[in-house]
Amino acid sequence: MKKYPIRMCIACRKRELQSRLIRIQHTEGRMVPYSGSGRSMYLCHACSTENRQIKKISKRYRLDEAEFKAMLKELDRNG
C-alpha cells in the first residue's frame, strides 16, 4: 500500500492530499508561490476562490486583499 502526504488547508482546516492543495509562503509582507526554500502553507482550491476565506487570510497576515486574490487566480490558471 502506497502512502501519500496529507496536508491541512490554513483556512478551512480540512486535510487533503498534498498534490491537490496550493502551496504558498509568506515573505516580506506578501504571499507568494512557494519558492522551494523556507516555510510554507497550503490552501485548498475551494478556499482560494471563496471571498470570505480570502478576506480572513488577508486580515490574519496583513495582506493587500486585491493583490492576494490576483496571485491566487494566477496560481489557479497556471497550476
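The values are calculated or read from the model by the stated rules, or taken from the named source; none is laboratory data. Since the model is a prediction, treat every value here as computed from it, not as a measurement. Positions of Cβ are generated from backbone atoms using ideal geometry, with glycine treated the same way; all protein chains shown enter the neighbour counts. Protein only, heavy atoms only, side chains kept; ligands, DNA and RNA dropped before computing areas. Shrake-Rupley method; radii C 1.70, N 1.55, O 1.52, S 1.80 Å.
Taking 27 Å as the limit for the C-alpha separation, the pairs K3/K69; K3/K55; K14/K69; K14/K73; K2/K59 exceed it in the case of K3/K69; K3/K55; K2/K59.
Given the -39500 (n - 2.57) contribution per DSSP H run of 4+ residues, what per-residue ellipticity at 222 nm results for the chain, rounded to the nearest 500 deg cm²/dmol?
Values: 3 runs with 29 residues, N = 79.
Rounded to the nearest 500, it is -10500 deg cm²/dmol.
Here is the list for the chain: trypsin sites (Lys or Arg not before Pro) lying in DSSP coil, each with at most 14 other C-beta atoms within 10 angstrom of its C-beta, are K2, K3, R13, K14, R39, R62.
The stretch between Y4 and Y34 holds 8.8 nm of extra length on full extension. This uses 0.36 nm per residue minus the Cα-Cα distance.
On alpha-carbon atoms, Rg over Rh for the chain using Kirkwood Rh?
0.96
With a 1.4 Å probe and every protein chain left in place, work out the accessible area per residue of the chain in Å², rounded to a whole number. Don't skip to the end; give the middle numbers.
On the way: 5900 Å² over 79 residues.
Each residue of the chain exposes 75 Å² on average to a 1.4 Å probe.
Per atom type, the chain shows carbon and sulfur on 48% of its accessible surface, probed at 1.4 Å. Centre-to-centre, using Cα atoms only, region 52-79 and region 1-37 are separated by 14 Å.
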